[in-house]
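Below is one structure; the comments refer to it alone.
The values are calculated or read from the model by the stated rules, or taken from the named source; none is laboratory data. Model, not experiment: these values are computed from the prediction. Please note: Cβ atoms are built from the backbone with ideal geometry, for glycine as well, and neighbour counts cover all protein chains shown. Protein only, heavy atoms only, side chains kept; ligands, DNA and RNA dropped before computing areas. Shrake-Rupley method; radii C 1.70, N 1.55, O 1.52, S 1.80 Å.
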Amino acid sequence: MNRLEDAMTFEEIQSLAKVEWEAFDRSDRPRILVGAATCGRSAGALDVLQTVNDELARRGIDATVVQVGCIGLCYLEPLVDITKPGRPRICYGNVTPEIAAQLIEDYLVNDNPRPDLALGTIGEGAVEGIPGFFEQPMLKPQVRIILRHCGTIDPVNINHYIALGGYSGFAQSLKMRPEEIIEEIKRSGLRGRGGAGFPTGLKWEFCHRSTGSEKYLVCNADEGDPGAFMNRSVLEGDPHAVLEGMLIAARAIGATHGYVYCRAEYPLALERLRIAISRMKDYALLGEDILGSGFAFDIEIKEGAGAFVCGEETALMASIEGQRGMPRPRPPFPAQAGIWGKPTNINNVETLAAVAVILQRGADWYAQHGTESSKGTKTFALAGKIRRTGLIEVPLGITLREIIYDIGGGVADDKQFKAVQTGGPSGGCLSSEHLDLPVDYETLAQAGSIMGSGGIIVADEDTCIVDFARFFLTFTQAESCGKCAPCRVGTRKMLDILERVTQGEGRDGDIDKLHQLAETIRDGSLCALGGTAPNPVLTTLRYFHGEYEEHIKDKRCSALVCKNLVSYYILPDKCQGCMICLRNCPVGAIKGGKRLVHVVDQSKCTHCGTCLDVCPPRFGAVAKVSGQRIEVPEEPIPVSPSK
Amino acid sequence: MNEELAEVLAPYRGRRGSLIPILQAVQAKLGYLPEEAVAEIAQFLAISKSEVFGVATFYSQFRFTKPGRHTVKVCLGTSCYVRGVSQIMSALEQTLGIEAGQTTPDLKFNLERVACFGCCALSPIIVVDDTVCSRVTPEKAKQAISSYE
Ligand SMILES: Cc1cc2nc3c(=O)[nH]c(=O)nc-3n(C[C@H](O)[C@H](O)[C@H](O)COP(=O)(O)O)c2cc1C
Ligand code: FES
């Protein structure tokens, strides 16, 4: 852009942005929003987008089409919203290219809003037969602060963000002294959303007080916790919110240079960040003399290279410096000596997005949400065996039951609830007795889990808890950087035991050994990766003790997951002697013949389950059991003539 | 120096902390990090080859053998685990005749594990090249790779 715009004041930028937003929001043309975040795309949003554009062109309809971020109802992706001038926006779910074409014909051309396909209306006014979008059970209990723009604005259009109040928090901070900014954040009660929940204002104060002309600010967008996607959604749907938070943090601590450390597995988030940063430069929101205030700051993107431990702050700094991403002991804390030995402040994506809104709307406004010690809202990623998967935002202090049942709709496929895992590999597995616990930092920690970054995974009766614990240990063991022995050796030893137990070779004393190892790893590890790695095992031992005992003593896996502990039997009263399983068995463990009841030779069987998969459902002749013997003939006998 | 490489390296001259971005750029260009490239990078940054290897081997993104023409990544994250991704991995291993981490002998496919694509709400997830396939079943997974040459 030209110099003229470089010299614009923030007020001038705002009015320019408002003009553009009004033209979009009050347009006399229809508007079509296609949810095209990673989740939408994986469900086919780009094909839908193509159809929408083709149909509009074919029919000569003049409409605005925008790709937006995720509004959170991932289970109904692809989502498409249509607004006709003067009408509320209507949101449609599970839209295929065919449905999209149909909607254009029915609603845009023939003015039938198709209530049968609609999820809800957004904005002023009503449409007969269509409920309000935010009245839906998944949305009603939510308080959307961080996610307020996701799915609603064009994430690559900085004017949309600015017109809705964006960067006014930063503009405000330019009028404040750093101490005042820090005080405001302290008053908001904001705690770090990256997992540990450290008070953000206090962290900034440390870094602000560190002396040095060069300081660094890092936005931690590594989001390595498998099963979590909150940060991805915010970066894809509203990147400027995070970048505004970075500007404010930089002002407060006196940073000159910023990094966004984002994992390479998030290509779309990286692309959106790159675009957003270049738009900021167009408006002189980055550079040597930001908004003519004399404040200088720039932001560089660093792509992660696939190492979970690099989400840990000291490892992350090593990685930015181009080294192996290994943590180091603290102190010195990053606020004293961080990147290149300079004072450094690291905050999570969501923390920074909250900072922006706190400066925009004030600490008191923010602090009215949440509990005494856990203020504000938190985003959570609902996944696993839950009916309504997606991204939600709720005030802290809400119960797990409200999240899982009211918002998430309960367990998918009418199965029985077994466990809920919060905090990923560093967190714990809680059972049904914990469902009424309020979700806040302290309560979850007391129960042996952690809030973590916000992944909530529901497991049902088909999940074996011991195998679940083994799964987490496999992850932490593989991701242990190897620098300290308790974590490197300890996680391996724990994993060995869990592997044995799930393979049916558990021994007396294994449980005690797991406890001992867990304590040593927890207390002796250099960083929190090791320090928290035993959590999934400790919580499952505590709340699902019986399942461990059952594996070790009875060699039984009641979820029928552990391969070596299950057996397959062919039921003589159901088998029709069709030979399908016999032909498909990869190890030739099935005896039989045409119209002869087949028999599994248990000594040859490798428990692969192929016979169960291929047995025609109308026969249903293969039984899968654990810790149980079904009496069947030892040799093939003729299929009973009555059939 | 190899011209192709020189072009990739040039923008990083004199910039601190650029080893990882360089490795990423070189791998994006060549598909992997051949030993000669590692030597060139070491020379360019005036550090030893073992330092470059030390960093490169730490991160799972980097590979040192020629990859197949297509990459099939299977998510082994928590949500995908709970939703039964292990069966999908077995189905793919069986169909391709290789184990995770290997390349088919005809250099057509790599099979890789990834710990979460952030698409957990629609798990299980596999990604073939850049296409994300959601709510995959063993059948759908086999079908997804059948159209690649
Ligand atoms: C193994 C490990 C992985 C971590 N991964 C992340 C991550 O992906 N994102 C994040 O923001 N914090 C992560 N953290 C926490 C960071 O070390 C740090 O506490 C956080 O980024 C601080 O930001 P906050 O104060 O805004 O929460 C991780 C910590 C550990 C020990
Ligand atoms: S757990 Fe598979 S995409 Fe997140």
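Looking across region A:370-395, the residues that are open to solvent by 10 Å² or more (accessible area, probe 1.4 Å) and either within 14 Å of another protein chain (Cβ to nearest Cβ) or under 25 Å from A:ALA459 (Cβ atoms) (or both) come down to A:LYS385, A:ARG387, A:ARG388. Of the listed requirements (1) open to solvent by 10 Å² or more (accessible area, probe 1.4 Å); (2) over 27 Å from A:LEU273 (Cβ atoms), A:TYR75 misses just one: (2). Of all residue pairs spaced 6 or more apart or on separate chains, those with beta-carbon atoms under 6 Å, a first member in region B:118-131 that is at the interface with chain A (Cβ under 9 Å from one of its Cβ atoms) and under 26 Å from A:GLY408 (Cα atoms) and a second member that is part of a helix (DSSP H, G or I) and open to solvent by 10 Å² or more (accessible area, probe 1.4 Å) are B:CYS119/A:THR38; B:CYS119/A:SER42; B:LEU122/A:SER42.
Looking across region A:479-526, the residues that are closer than 20 Å to A:GLY427 by Cα and open to solvent by 70 Å² or more (accessible area, probe 1.4 Å) come down to A:ARG488, A:ARG492, A:LYS493, A:HIS515, A:GLN516, A:GLU519, A:THR520, A:ARG522, A:ASP523.
Whether a residue is closer than 30 Å to A:ARG251 by Cα, in contact (Cβ under 8 Å) with a residue 12 or more places away in the chain, within 14 Å of another protein chain (Cβ to nearest Cβ) and away from ligand 1 (no atom under 16 Å from the Cβ) was assessed, and A:GLU214 passes this test.
Does region A:221-240 contain any residue that is open to solvent by 10 Å² or more (accessible area, probe 1.4 Å), assigned to a strand (DSSP E or B), within 13 Å of ligand 1 (Cβ to nearest atom) and within 13 Å of another protein chain (Cβ to nearest Cβ)? So far as region A:221-240 goes, no, none of its residues is open to solvent by 10 Å² or more (accessible area, probe 1.4 Å), assigned to a strand (DSSP E or B), within 13 Å of ligand 1 (Cβ to nearest atom) and within 13 Å of another protein chain (Cβ to nearest Cβ). Within region A:320-337, being away from ligand 1 (no atom under 12 Å from the Cβ), touching a residue at least 12 places away in the same chain (Cβ under 8 Å) and not hydrophobic (A, V, I, L, M, F, W, C) holds for A:GLU321, A:ARG324, A:ARG328, A:PRO329, A:GLN336. Taking each residue of region A:277-288 that is open to solvent by 50 Å² or more (accessible area, probe 1.4 Å) and looking for partners that are in a helix (DSSP H, G or I) with beta-carbon atoms closer than 7 Å, six or more apart or interchain, yields A:ARG279/A:ILE158. Scan region A:284-294 and tell me whether some residue there is within 14 Å of chain B (Cβ to nearest Cβ), within 30 Å of A:GLY376 (Cβ to Cβ) and at pLDDT 95 or above. No - not one qualifying residue is present in region A:284-294.
Take region A:439-469 and flag every residue that is assigned to a helix (DSSP H, G or I) and either without any contact (Cβ under 8 Å) to a residue 12 or more places away in the chain or under 16 Å from A:GLY227 (Cα atoms) (or both). Listed by number, the residues that qualify are A:THR443, A:ALA445, A:GLN446, A:PHE468, A:ALA469. Taken together, A:VAL65, A:VAL52, A:VAL48 contain a single residue that is open to solvent by 30 Å² or more (accessible area, probe 1.4 Å) and touching a helix residue (DSSP H, G or I) at 6+ places or on another chain (Cβ under 7 Å), which is A:VAL65. Of all residues in region A:26-48, those that are within 10 Å of chain B (Cβ to nearest Cβ) and in a loop (DSSP other than H, G, I, E, B) total 3.
Taken together, A:ALA528, A:ALA478, A:ALA469, A:ALA485 contain a single residue that is more than 14 Å from chain B (Cβ to nearest Cβ) and either modelled with pLDDT under 95 or closer than 22 Å to B:ALA115 by Cβ (or both), which is A:ALA528. The set of residues in region A:572-604 being crowded, with 16+ Cβ neighbours inside 10 Å and either part of a loop (DSSP other than H, G, I, E, B) or not assigned by TED's automatic domain parsing to the domain that holds A:GLN628 (or both) consists of A:PRO572, A:LYS574, A:CYS575, A:GLN576, A:GLY577, A:CYS578, A:CYS585, A:ALA589, A:GLY592, A:VAL597, A:HIS598. So which of B:LYS66, B:LYS108 ends up being more than 9 Å from chain A (Cβ to nearest Cβ), more than 20 Å from A:GLY44 (Cα to Cα) and touching a His at 6+ places or on another chain (Cβ under 9 Å)? Only one candidate passes the filter, namely B:LYS108. Looking across region B:76-105, just one residue is touching a residue at least 24 places away in the same chain (Cβ under 8 Å), away from chain A (no Cβ under 13 Å) and open to solvent by 50 Å² or more (accessible area, probe 1.4 Å), and that is B:THR95.
Here's a check for you: in region B:44-63, which residue that is facing chain A (nearest Cβ under 8 Å) and assigned to a helix (DSSP H, G or I) is most open to solvent (accessible area, probe 1.4 Å)? Step by step, filter region B:44-63, then rank; the result is B:PHE58. Being out of contact with any Gly (no Cβ under 7 Å at 6 or more places or on another chain), open to solvent by less than 70 Å² (accessible area, probe 1.4 Å) and under 25 Å from A:ALA43 (Cβ atoms) is a description that applies to B:LYS73. Residue count for region B:106-129, restricted to those that are closer than 24 Å to A:PHE475 by Cα and either open to solvent by 20 Å² or more (accessible area, probe 1.4 Å) or within 16 Å of ligand 1 (Cβ to nearest atom) (or both): 9. Just to be sure before I move on: is A:ILE181 among the β-branched types (Val, Ile, Thr), open to solvent by 10 Å² or more (accessible area, probe 1.4 Å) and assigned to a helix (DSSP H, G or I) in the structure I sent? No; evaluated as a whole, the condition is false for this residue. Can you find a residue that is farther than 26 Å from B:VAL127 by Cβ, in contact with a Gly (Cβ under 6 Å, 6 or more places away or on another chain) and open to solvent by 20 Å² or more (accessible area, probe 1.4 Å) anywhere in region A:301-323? Yes, that holds for at least one residue. Given the condition modelled with pLDDT of 95 or more, facing another protein chain (nearest Cβ under 9 Å) and farther than 23 Å from A:GLU236 by Cβ, answer yes or no: does some residue in region A:327-348 qualify? There is at least one residue in region A:327-348 that is modelled with pLDDT of 95 or more, facing another protein chain (nearest Cβ under 9 Å) and farther than 23 Å from A:GLU236 by Cβ. In region B:107-116, is there at least one residue being touching a residue at least 40 places away in the same chain (Cβ under 8 Å), among the small types (Gly, Ala, Ser) and outside the structural domain of B:LEU30 (by TED's automatic domain parsing)? Looking through region B:107-116, at least one residue is touching a residue at least 40 places away in the same chain (Cβ under 8 Å), among the small types (Gly, Ala, Ser) and outside the structural domain of B:LEU30 (by TED's automatic domain parsing). Being open to solvent by 40 Å² or more (accessible area, probe 1.4 Å), within 14 Å of chain A (Cβ to nearest Cβ) and outside any helix (DSSP H, G or I) is the filter here; which residues of region B:1-31 pass it? Once the filter is applied, which keeps residues that are open to solvent by 40 Å² or more (accessible area, probe 1.4 Å), within 14 Å of chain A (Cβ to nearest Cβ) and outside any helix (DSSP H, G or I), region B:1-31 yields B:GLY14, B:ARG15, B:ARG16. Can you pull out every residue in region A:548-562 that is part of a helix (DSSP H, G or I) and crowded, with 23+ Cβ neighbours inside 10 Å? Hit for region A:548-562 is A:HIS551, nothing else. Tally time: how many residues in region A:421-451 are touching a strand residue (DSSP E or B) at 6+ places or on another chain (Cβ under 9 Å), among the charged types (D, E, K, R) and open to solvent by 20 Å² or more (accessible area, probe 1.4 Å)? Residues flagged as touching a strand residue (DSSP E or B) at 6+ places or on another chain (Cβ under 9 Å), among the charged types (D, E, K, R) and open to solvent by 20 Å² or more (accessible area, probe 1.4 Å) within region A:421-451 amount to 1.
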